[in-house]
Amino acid sequence: MKMASPCRSTTTICGGLLLLLAFVAEMVQGGASAPALYVLGDSLADVGNNNYLVTPFRANFPHNGVDYPGHLPTGRFSNGHNLADFIAASLGLPSPPAYLSMGNTTGNCSLFLNGVNFASGGAGVLDATNKGLTISFDEQIERDYTTVYGGLVQQLGQAQASIHVARSIFTVGIGGNDIAARVLSGPKDQRQMSSDQQFIASLAQSLKRKLQRMYKLGMRRLFFVGTGPLGCYPLLRQRSLAMECDAEASSLSMQYSAAAATILRDMSTRRPDFEYSSFDQYTALLGYIQEPEANGFAEAKAACCALGNGTALLICTPANALCADRASHVFWDGAHLTEVTTEKLVAVAFNGSAPLVSPVNLKQLSAP
């Protein structure tokens, strides 16, 4: 798909010369491991793209952001910072802005050099997931990232843009919405759907195609975040009177993560210049849920932001009540983690080792 460049010619304030100088400065800055972070995915990493959509998948209202600087909702599905923020901080980079928040970038093309966040709450690996209510994974790549990449090429030239993008870290965290949509569609024995095996195969095929497309568009270093133990999230626990983890959702999460791991290994084998780090969020988060006190939590089943009767909704709303201590809860709302949980997980991904993060951790992936 050929997209119009978001930047003007070299006669503007962000013309080729200015951007080239920024690029040169980036290449020589001391201690920099990766020049930029480009984020794609769903609500775990959305920093405000959905604020610009007409969709139920929005978080730009209280109590979201209650612990974010300024105590204001930003569109993050969290009480504070989210996955994208902590990944950026660990890399020593500013958290990339939401692509749709950048508006007319004519005077700010150099911002692309620090990275951009394309993630959209509700997005799935499959384009049909929440279609029309989110920025699909395909649109994030083919429309938005392609536009940014085209702007970098126009301003830096193909060779230097390729170097910049190849040194940057790409983060992808997606898949949970596809699984949740399937599980919540009704009783398993009443669904007119493909088998679980066929469903996972369709997810894998779509993911493979899109990661290959990202490689073609210059991605060489990928940090992939697998889905968590979705059956143990409050929204899905509530399907059980005993508040037990939903076995089907958790099983699909494991199968999807295994399929993604196979895809990444194959890409690395076939393309020697492709490096990746895959984070097993399922196992890491399940450890917090099964042994909360050992990991600094007091509550690992109920959401911090929920209705008065304890029922958790998909997204925290002003009608919900807040728990007294957000830092003691694993979950923020029915489908999202608290700031402290996410911070702990990213610390594991950055400094940890196999089997939780492999074949290298995020720190090793970002090394010069």
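Seen from E244, the other residues with C-beta closer than 13 Å to its C-beta sum to a net charge of +1, counting Lys and Arg as +1 and Asp and Glu as -1. A run of the chain free of exposed loop cleavage sites, with trypsin sites (Lys or Arg not before Pro) counted only in DSSP states other than H, G, I, E and B and at most 12 other beta carbons within 10 Å, reaches its longest extent at 192-368. Spin-label model, A298 to A321: label points 7 Å out along the Cα-to-beta-carbon direction sit 1.5 nm apart. Counting only C-alpha contacts under 8 Å and six or more residues apart, can you give the relative contact order of segment 37-366 as a whole percent? Here the relative contact order equals 18 percent. The distance separating the Cα centre of segment 37-70 from that of segment 249-305 comes to 22 Å. The largest-to-smallest principal axis extents of the Cα set in segment 43-158 are 44, 35, 25 Å.
How much length would be gained if the chain were fully extended between T311 and M243, taking 0.36 nm per residue of separation minus their Cα-Cα distance, in nm to one decimal? Walk me through the numbers before you get to the answer.
Details: separation 68, 0.36 × 68 = 24.48 nm, distance 1.09 nm.
Answer, rounded to one decimal: 23.4 nm.
Given the options N60, N309, N295, state which has the largest fluctuation in a GNM of the chain using a 10 Å cut-off (strictly under) for Cα springs. With Cα springs under 10 Å in the chain, the top fluctuation among N60, N309, N295 is at N309. Here the extension length gained between Q364 and Q290 equals 23.8 nm, from 0.36 nm per residue of separation less the Cα-Cα distance. In terms of overall dimensions, the chain has a Cα radius of gyration and Dmax of 20.0, 66 angstrom. Shape class for segment 141-272, computed from the alpha carbon gyration tensor (a ≥ b ≥ c): prolate, with a/c not under 1.5 and a/b above b/c. Using only the C-alpha atoms, the convex hull of segment 196-312 corresponds to 131 Å³ per residue.
Across all directions, the average flat footprint of the convex hull enclosing the Cα atoms of segment 247-368 is 9.1 nm². A simple charge model with +1 on the Cβ of Lys and Arg, -1 on the Cβ of Asp and Glu and nothing else charged puts the dipole of the chain at about 1020 debye relative to its Cα centre. In this rough spin-label picture, where each label sits 7 Å from Cα along the Cβ direction, the Q197-L72 distance is 5.4 nm. In vacuo Debye scattering of segment 263-321, one point per C-alpha: log10 I(q)/I(0) at q = 0.23, 0.25, 0.28 Å⁻¹? Log10 of I(q)/I(0), two decimals: -0.92, -0.98, -1.05. Placing a label point 7 Å from the Cα of R143 along the Cα-to-Cβ line, the residues of segment 45-88 whose backbone N sits under 14 Å from it are 49-55. Solvent exposure of the chain amounts to 41 Å² per residue of accessible area, where only protein heavy atoms count and the probe is 1.4 Å. The slack between K188 and V54, meaning 0.36 nm per residue of separation minus the straight C-alpha distance, is 45.2 nm.
Distance from a point 7 Å along Cα→Cβ of R209 to each backbone N in segment 129-158: keep the residues under 14 Å and list them by number. Backbone N within reach: 129, 137-139, 141-142. Can you find, among C316, S110, G48, the residue sitting farthest towards the positive end of the charge dipole of segment 37-366, where Lys and Arg contribute +1 and Asp and Glu -1 at Cβ? Among C316, S110, G48, the one farthest towards the positive end of the dipole of segment 37-366 is S110.
Take the alpha carbon atoms of segment 178-229, find their center, do the same for segment 322-341, and report the distance between the two centers in whole angstrom. If we compute the Cα centre of each part, the gap is 26 Å. A simple spin-label model places the labels of F61 and A166 4.8 nm from each other, with each point 7 Å out along Cα-to-Cβ.
Would you work out which of S328, V348, A259 lies farthest towards the positive end of the dipole of the chain? Charges go on Cβ: Lys and Arg +1, Asp and Glu -1. Result: A259, furthest along the dipole toward the positive end.
Candidate membrane-span-like segments in the chain, meaning DSSP H helices with Cα atoms spread over at least 20 Å of their own axis and a Kyte-Doolittle mean of 1.6 or above, do not occur, with no membrane implied either way.
The values are calculated or read from the model by the stated rules, or taken from the named source; none is laboratory data. Here the structure is a predicted model, which is why all the values come from computation and not from measurement. Heads up, the Cβs are rebuilt from the backbone with ideal geometry, glycines too, and the neighbour counts pull from every protein chain shown. Only protein heavy atoms, including side chains, enter the accessible area calculation; ligands, DNA and RNA are left aside. Shrake-Rupley method; radii C 1.70, N 1.55, O 1.52, S 1.80 Å.
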